[in-house]
1. Taking the Kirkwood radius as the inverse of the mean 1/r across Cα pairs, report the Rg/Rh of the chain.
2. Net charge near Trp53: determine it from the other residues with C-beta under 12 Å of the C-beta of Trp53, scoring Lys and Arg +1 and Asp and Glu -1.
3. Keeping the other protein chains in place, figure out the carbon and sulfur percent of the accessible area of region 35-77, with a 1.4 Å probe.
4. Which of the GluC sites (Glu not before Pro) found in region 25-65 are in a DSSP loop and have at most 12 neighbouring Cβ atoms, other than their own, within 10 Å?
5. Taking the Cα centre of the chain as origin, work out the dipole magnitude from +1 charges on Lys and Arg Cβ and -1 charges on Asp and Glu Cβ, in debye rounded to 20.
6. Hey, what's the Kirkwood Rh for region 3-55 if you take every pair of different alpha carbons, in angstrom?
7. Ignoring ligands, DNA and RNA, how do Tyr32, Tyr100 rank by accessible area with a 1.4 Å probe, largest first?
8. If one computes the Cα centroid of region 71-92 and of region 1-68, what distance in Å separates the two points?
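The values are calculated or read from the model by the stated rules, or taken from the named source; none is laboratory data. Just so it is clear, the structure is predicted and the values come from calculations on it, not from any experiment. When we count neighbours, we look across all protein chains shown, and the Cβ atoms used for this are built from the backbone with ideal geometry, even at glycine. Protein only, heavy atoms only, side chains kept; ligands, DNA and RNA dropped before computing areas. Shrake-Rupley method; radii C 1.70, N 1.55, O 1.52, S 1.80 Å.
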Amino acid sequence: QVQLVESGGGSVQAGGSLRLSCAASGRTNRVYAMGWFRQAPGKEREFVAVVNWSIGSARYADFAEGRFTISRDNVKNTVSLQMNSLKPEDTAVYYCAADYHYSGGVYHIAESYDDWGQGTQVTVSS
């Protein structure tokens, strides 16, 4: 089992920045990839970004490309999401998730992931 704890959420004005962190503990050697998802009230959980744990290569949702950066530290067992130029539509609970398998390229759906954190709230005001 891998335990995931998110931190770094908060309230910012549009155009501001936040850096989210996710600390992983337990059997972290099982991790193949770590992803970030978000969920706004009344909406489905939405893919944000994913990083390969070993290589460090990343993929992003269209809305995140150029604004968000995902990174991982294999020594500290952490994954971060740097969010710049935030918009009100970015308001959501952000979750980190661990994937123990190669997804065959289906990294953008929640069902591909095995463990989840409890989430951290991000609120962006106009």
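1. Value, to two decimals: 0.94.
2. Once positives and negatives cancel, what remains is 0.
3. That fraction is 45 percent.
4. Glu44, Glu65
5. Using only the charged Cβ atoms, the result is roughly 280 debye.
6. Radius from the Kirkwood sum: 13.2 Å.
7. The residues order as Tyr32, Tyr100, largest area first.
8. Using only Cα atoms, the two centres lie 5 Å from each other.
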